[in-house]
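Visitor: My questions all concern the structure below.
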Amino acid sequence: MVDGDAEIAVVPVENSLAGAVTENLDLLYDHELHTVAEAYVRVELCVVAPPGVALADLSAAASHPVALRQCRRFFSAHPGLKPVAVYDTAGSIQDLMAGGAGYDGAIGSRFAAELYGATVLEEGIEDNPRNFTRFFALSHVPSEPPEGRSKTSLAFVTEHRPGALHQTLGIMAGHGADLTRLESRPIPGSPWEYRFYVDLRSPDPGSLGACLEELRGATTDLRVFGTYLEARPPLGSGDAMLANRSSSRGEEIP
């Protein structure tokens with residue numbers, strides 16, 4: 001994407017169980033890319049193995065670190081099964097089925113298991129059935145201001161002085177911006193200094209512009225990644241399915 005070999009990239013930025021995908025937040029800041037859309041995807045994870053291998057036979061299951069963090073209860077219930085962190089969720093299944101991967105099981109989607117010829121040993125192993133991952137669509141070109149309810153993603157650094165963060169939050173509140181996420185990340189090379197990543201529901205375009213202009217004067221560094229149409233997690237449409245799955249396990253969904 002950065003080298004120009006693709007026009008759009010879709011990357012995960014946070015999960016409802018495991019939290020932020022911090023590496024991608026840092027990469028977003030490091031490169032001149034624009035956030036042009038967001039999407040929420042329901043994530044259901046399976047433990048898979050080559051055909052003929054049983055769950056009791058597995059010694060190690062590989063997946064992306066964020067996917068592994070979504071399955072802590074599963075690994076607690078199977079203490080003999082070692083989690084192995086690799087670069088990619090679907091890629092862990094592909095490498096497993098190619099042979100010589102160094103692990104005998106993997107965690108990923110049913111689709112990936114069927115695509116690469118693996119057998120699903122158990123599905124729905126994530127800690128909670130309301131498991132969603134939020135994705136950003138990134139482009140070299142910023143999007144046009146969307147019609148409808150929008151969000152803006154940005155990052156900023158404040159001075160080290162009492163009330164500096166309070167001041168920036170007050171600026172956003174004063175312009176009618178509703179924060180939906182606030183995350184701090186360490187700044188490489190500057191120990192104990194932090195960059196704040198923010199998503200906010202944008203006020204009207206005029207207020208947003210004034211808000212960003214005032215933030216520039218109150219921060220030592222400000223990057224606006226983009227303004228895009230707000231997506232909504234598909235909670236309503238999937239609740240019946242989630243309830244059916246949980247009731248079969250004797251669980252209760254609030």
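Visitor: If you take just the strands (runs of 3 or more DSSP E) that sit entirely in the range 128-244, which of them hold at least 3 residues that are among the aliphatic types (A, V, I, L, M)?
Guide: Ranges flagged: 150-157, 178-187, 221-229.
Visitor: Starting from the range 75-87, keep only residues that are of a type in the set (Lys, Arg), then list their pairs with residues that are surrounded by fewer than 18 Cβ atoms within 10 Å (Cβ to Cβ) whose Cβ atoms are within a distance under 7 Å, requiring at least 6 positions of separation or different chains.
Guide: Correct list of pairs: Lys82/Ser59; Lys82/Ala60.
Visitor: Moving on. State yes or no: is Ala218 open to solvent by less than 30 Å² (accessible area, probe 1.4 Å), of a type in the set (Gly, Ala, Ser) and over 30 Å from Ala39 (Cβ atoms)? Break it down stepwise before answering.
Guide: Working: open to solvent by less than 30 Å² (accessible area, probe 1.4 Å): yes; of a type in the set (Gly, Ala, Ser): yes; over 30 Å from Ala39 (Cβ atoms): yes.
Considered against the rule, which asks whether it is open to solvent by less than 30 Å² (accessible area, probe 1.4 Å), of a type in the set (Gly, Ala, Ser) and over 30 Å from Ala39 (Cβ atoms), Ala218 comes out as yes.
Visitor: Would a scan of the range 95-105 turn up a residue that is within 11 Å of Ile125 (Cβ to Cβ) and modelled with pLDDT of 95 or more?
Guide: no
Visitor: Quick one: would you say Phe225 is within 30 Å of Arg72 (Cβ to Cβ) and buried (at least 18 other Cβ atoms within 10 Å of the Cβ)? If you could, list the steps in order and put the result at the bottom.
Guide: On the way: within 30 Å of Arg72 (Cβ to Cβ): no; buried (at least 18 other Cβ atoms within 10 Å of the Cβ): yes.
Spelling it out, it is not the case that Phe225 is within 30 Å of Arg72 (Cβ to Cβ) and buried (at least 18 other Cβ atoms within 10 Å of the Cβ).
Visitor: In addition: Just the residues that are within 12 Å of Tyr40 (Cα to Cα) and either of a type outside the set (Gly, Ala, Ser) or assigned to a strand (DSSP E or B) (or both), please, taken from the range 8-25.
Guide: Val10, Val11, Pro12, Val13, Glu14, Asn15
Visitor: With respect to the numbered conditions (1) buried (at least 18 other Cβ atoms within 10 Å of the Cβ); (2) assigned to a strand (DSSP E or B); (3) of a type in the set (Phe, Trp, Tyr), which one is the sole condition not fulfilled by Tyr40?
Guide: If we test Tyr40 against (1) buried (at least 18 other Cβ atoms within 10 Å of the Cβ); (2) assigned to a strand (DSSP E or B); (3) of a type in the set (Phe, Trp, Tyr), just (1) comes out false.
The values are calculated or read from the model by the stated rules, or taken from the named source; none is laboratory data. Please read all numbers here as calculations on a predicted model, not as lab measurements. Because the Cβ atoms are built from the backbone with ideal geometry, glycine has one as well, and the counts that use them run over all protein chains shown. With ligands, DNA and RNA removed, areas are computed over all heavy atoms of the protein, side chains included. Shrake-Rupley method; radii C 1.70, N 1.55, O 1.52, S 1.80 Å.
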